[in-house]
């Protein structure tokens with residue numbers, strides 16, 4: 001990864017402001033290798049402008065030594081994959097940690113001086129009841145995290161869970177029950193001071209994930225490692241904004257071959273100005289703050305009104321969008337059926 005980072009330095013078009021280690025289980029990495037990785041990245045890219053440094057962590061693999069190393073190396077935000085507070089649901093999801101491991105990992109992080117902590121929760125698990133979900137939410141809140149992500153379960157093809165669903169050994173909850181779970185999360189988290197700033201993400205004031213907001217606002221990023229995605233070569237012209245999306249190989253052997261050849265990518269796609277406009281719409285409407293008309297014009301050189309005005313006003317009359325100041329936003333109902341709205345805007 002450090003070799004890959006070194007030959008991709010030219011893609012760092014701006015100072016690095018956020019770093020996110022995840023998509024796997026970084027807490028499996030021995031402290032000595034974590035130190036080698038982070039110090040190497042600092043030497044290559046320079047972290048002088050860094051404001052947020054997140055690492056994901058599995059509560060079943062976190063140790064005091066790992067947390068101490070992470071804190072000492074500048075990691076100032078942790079995202080723990082709590083998922084559920086019931087042992088049978090964790091087992092069904094293939095998680096290796098026990099419910100009590102979350103609290104102990106949380107204490108280790110706080111003792112090491114990392115106070116910006118997020119918990120990932122999942123609803124819509126086969127066999128999960130409203131009571132289970134309520135208990136999971138309340139258990140998470142009892143730890144006083146700064147951020148909570150609440151995701152609906154998406155079974156991954158090839159996993160034992162997916163196979164059991166295909167064979168009808170287990171069943172997903174009724175969509176109405178899943179909807180109730182999501183609604184209960186919104187209301188309970190709001191009552192504890194959490195603001196929903198994106199469809200699945202809730203934060204105490206000032207603790208929104210800066211790195212993820214970067215994805216949703218099309219800030220360039222470099223992804224290193226197996227399967228990592230990148231967005232770079234951002235250009236603005238009279239025709240609007242365009243950029244490249246790159247993806248690394250999905251297997252270790254292919255990744256090693258790529259790095260040996262100093263060849264940065266396998267998949268390389270040019271996102272045209274037309275496509276980037278729609279991505280601004282698609283990503284921007286994920287956030288509850290919506291899309292600024294001024295920002296849209298600065299990026300694309302054309303007004304939202306020109307491209308989508310008639311359709312947005314139609315959706316506004318249907319109670320799915322609303323206009324507030326300089327922003328177009330989705331209503332709560334709009335957020336529920338976001339995909340349908342995007343299809344309407346795309347047609």
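The table for this structure:
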read-out: Of the criteria (1) modelled with pLDDT of 95 or more; (2) touching a helix residue (DSSP H, G or I) at 6+ places or on another chain (Cβ under 7 Å); (3) buried (at least 18 other Cβ atoms within 10 Å of the Cβ), which one residue 113 fails; value: (3)
read-out: Close pairs from region 5-30: first within 15 Å of residue 59 (Cα to Cα), partner part of a loop (DSSP other than H, G, I, E, B), Cβ under 7 Å, at least 6 apart; value: 25/58; 25/61; 27/58; 27/61; 27/62; 28/61
read-out: Verdict on residue 210 being touching a strand residue (DSSP E or B) at 6+ places or on another chain (Cβ under 6 Å), in contact (Cβ under 8 Å) with a residue 12 or more places away in the chain, under 27 Å from residue 298 (Cα atoms) and surrounded by fewer than 17 Cβ atoms within 10 Å (Cβ to Cβ); value: yes
read-out: Residues satisfying the stated conditions in region 266-290, i.e. without any contact (Cβ under 8 Å) to a residue 24 or more places away in the chain and touching a strand residue (DSSP E or B) at 6+ places or on another chain (Cβ under 6 Å); value: 267
read-out: Residue satisfying condition, being touching a strand residue (DSSP E or B) at 6+ places or on another chain (Cβ under 7 Å), modelled with pLDDT of 90 or more and assigned to a loop (DSSP other than H, G, I, E, B), within set 226, 302; value: 302
read-out: Residues located in region 305-347, provided they are in contact (Cβ under 8 Å) with a residue 24 or more places away in the chain, surrounded by 14 or more Cβ atoms within 10 Å (Cβ to Cβ), touching a helix residue (DSSP H, G or I) at 6+ places or on another chain (Cβ under 8 Å) and not in a helix (DSSP H, G or I); value: 327, 328, 330
read-out: Any pair with Cβ under 8 angstrom, 6 or more apart, that starts in region 178-206 at a residue that is surrounded by fewer than 17 Cβ atoms within 10 Å (Cβ to Cβ) and ends at one that is in a helix (DSSP H, G or I) and modelled with pLDDT under 95; value: 179/336
read-out: Matching option when the condition is part of a strand (DSSP E or B), within 30 Å of residue 16 (Cβ to Cβ) and modelled with pLDDT of 90 or more, among 258, 231; value: 231
read-out: Matching entry among 90, 108, 34 (being crowded, with 20+ Cβ neighbours inside 10 Å and either assigned to a strand (DSSP E or B) or touching a strand residue (DSSP E or B) at 6+ places or on another chain (Cβ under 8 Å) (or both)); value: 90
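The values are calculated or read from the model by the stated rules, or taken from the named source; none is laboratory data. Just so it is clear, the model here is predicted, and its values are computed rather than measured. Heads up, the Cβs are rebuilt from the backbone with ideal geometry, glycines too, and the neighbour counts pull from every protein chain shown.
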